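Asks: Below are the structure tokens for one structure; questions will follow.
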Amino acid sequence: MNARQKPDGTFLWSDESPEIQQRVKDGEIVVSPMRGNGRTSVPRGLVHHWIGAVFIPNASLEDILAVVHDYDHYKDFYQPTIADSKCLSCAESPHTYFLRFFKKVLFVTSVTDVEYESPIFRLDDHRSYSLARSKSVWEVQDYGKPGESRGTPGHGNGDVWRMQSSS
């Protein structure tokens, strides 16, 4: 992100290519791996590294940030993947918020609680970005049952231990 802030740099990924820029302006949601196939193997894990762009006509930066920072309603916007969400401290940067991820495949249900910290960087009236990093990640055992509980951070099946993203 530091390189994208320089006066001679390109802030938006989509502006790096006239073809991608046109596809986005034509209404296409464009997604691409950052390099290779977008996956990097690490010991006992996997890193997904993708980038995307979308054009939302007639929306201001304030309109977009109002939705991006509306953590209390992520559970409504992104259901069923986000089963619960709430702002924990969002008056000033960094924001802290909670998300409960829900995934069910056949007979296997995976539920993960994540608390994020996200510093917000407002560069000017037209440019802003944020970085979200997990502070705590818990696997939820016995989801939806009377004995539902959070596991110990860093222990369990290992679906996810850390999350980081930028927007």
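Asks: Where residues in the range 120-155 are in a loop (DSSP other than H, G, I, E, B) and charged (D, E, K, R), which of them is farthest from the chain's Cα centre (by Cα)? Outline the logic, then answer.
Replies: Here is the first cut: in the range 120-155, the residues in a loop (DSSP other than H, G, I, E, B) are 125-126, 142-148, 151-155.
Keeping just the survivors that are charged (D, E, K, R) gives 125, 142, 145, 148.
Working: ASP125: 23, ASP142: 26, LYS145: 28, GLU148: 26 Å.
Restricting to residues being in a loop (DSSP other than H, G, I, E, B) and charged (D, E, K, R), the top hit is LYS145.
Asks: Scan the range 26-38 for residues that are farther than 22 Å from ALA3 by Cα and either surrounded by 12 or more Cβ atoms within 10 Å (Cβ to Cβ) or touching a residue at least 40 places away in the same chain (Cβ under 8 Å) (or both) and report the count.
Replies: Qualifying residue count for the region: 1.
Asks: From the list PHE55, PHE11, PHE77, pick out the single residue that is of a type outside the set (D, E, K, R), open to solvent by 80 Å² or more (accessible area, probe 1.4 Å) and farther than 28 Å from VAL114 by Cα.
Replies: Working: PHE11 fails: open to solvent by 80 Å² or more (accessible area, probe 1.4 Å); PHE77 fails: farther than 28 Å from VAL114 by Cα.
Checking each option against the conditions leaves just PHE55.
Asks: Identify, please: which residue in the range 94-119 is surrounded by 18 or more Cβ atoms within 10 Å (Cβ to Cβ) and over 22 Å from ARG150 (Cα atoms) and is, among those, farthest from the chain's Cα centre (by Cα)?
Replies: Pass one, the range 94-119, residues surrounded by 18 or more Cβ atoms within 10 Å (Cβ to Cβ): 95, 97-102, 111-114, 116, 118.
Subsequent filtering for residues that are over 22 Å from ARG150 (Cα atoms) retains 95, 118.
Working: HIS95: 13, SER118: 10 Å.
Restricting to residues being surrounded by 18 or more Cβ atoms within 10 Å (Cβ to Cβ) and over 22 Å from ARG150 (Cα atoms), the top hit is HIS95.
Asks: Restricting attention to the range 56-114, which residues are in contact with a Lys or Arg (Cβ under 7 Å, 6 or more places away or on another chain), at pLDDT 95 or above and of a type in the set (Asp, Glu)?
Replies: Once the filter is applied, which keeps residues that are in contact with a Lys or Arg (Cβ under 7 Å, 6 or more places away or on another chain), at pLDDT 95 or above and of a type in the set (Asp, Glu), the range 56-114 yields ASP72, ASP84.
Asks: Under 6 Å between Cβ atoms, at least 6 apart or on separate chains: pull out the pairs that start in the range 102-126 with a residue that is closer than 17 Å to TYR78 by Cβ and end on any residue that is of a type in the set (Asp, Glu) and open to solvent by less than 60 Å² (accessible area, probe 1.4 Å).
Replies: Close Cβ pairs satisfying both conditions: THR112/GLU139.
Asks: If you don't mind, another one. Taking the condition surrounded by fewer than 12 Cβ atoms within 10 Å (Cβ to Cβ) and more than 15 Å from the chain's Cα centre (by Cα), does GLU62 pass? Don't jump to the end; show me each part of the working.
Replies: On the way: surrounded by fewer than 12 Cβ atoms within 10 Å (Cβ to Cβ): yes; more than 15 Å from the chain's Cα centre (by Cα): yes.
Taking the combined requirement at face value, the residue satisfies it.
Asks: For LEU88, are the conditions met, namely being surrounded by 14 or more Cβ atoms within 10 Å (Cβ to Cβ) and outside any loop (DSSP other than H, G, I, E, B)? Outline the logic, then answer.
Replies: Values: surrounded by 14 or more Cβ atoms within 10 Å (Cβ to Cβ): no; outside any loop (DSSP other than H, G, I, E, B): yes.
So LEU88 does not fit the description; no.
The values are calculated or read from the model by the stated rules, or taken from the named source; none is laboratory data. These figures come from a predicted structure and were not determined experimentally. We place every Cβ from the backbone using ideal geometry, glycine too, and count neighbours over all the protein chains shown. Ligands, DNA and RNA are excluded from the accessible area calculation, which covers all protein heavy atoms including side chains. Shrake-Rupley method; radii C 1.70, N 1.55, O 1.52, S 1.80 Å.
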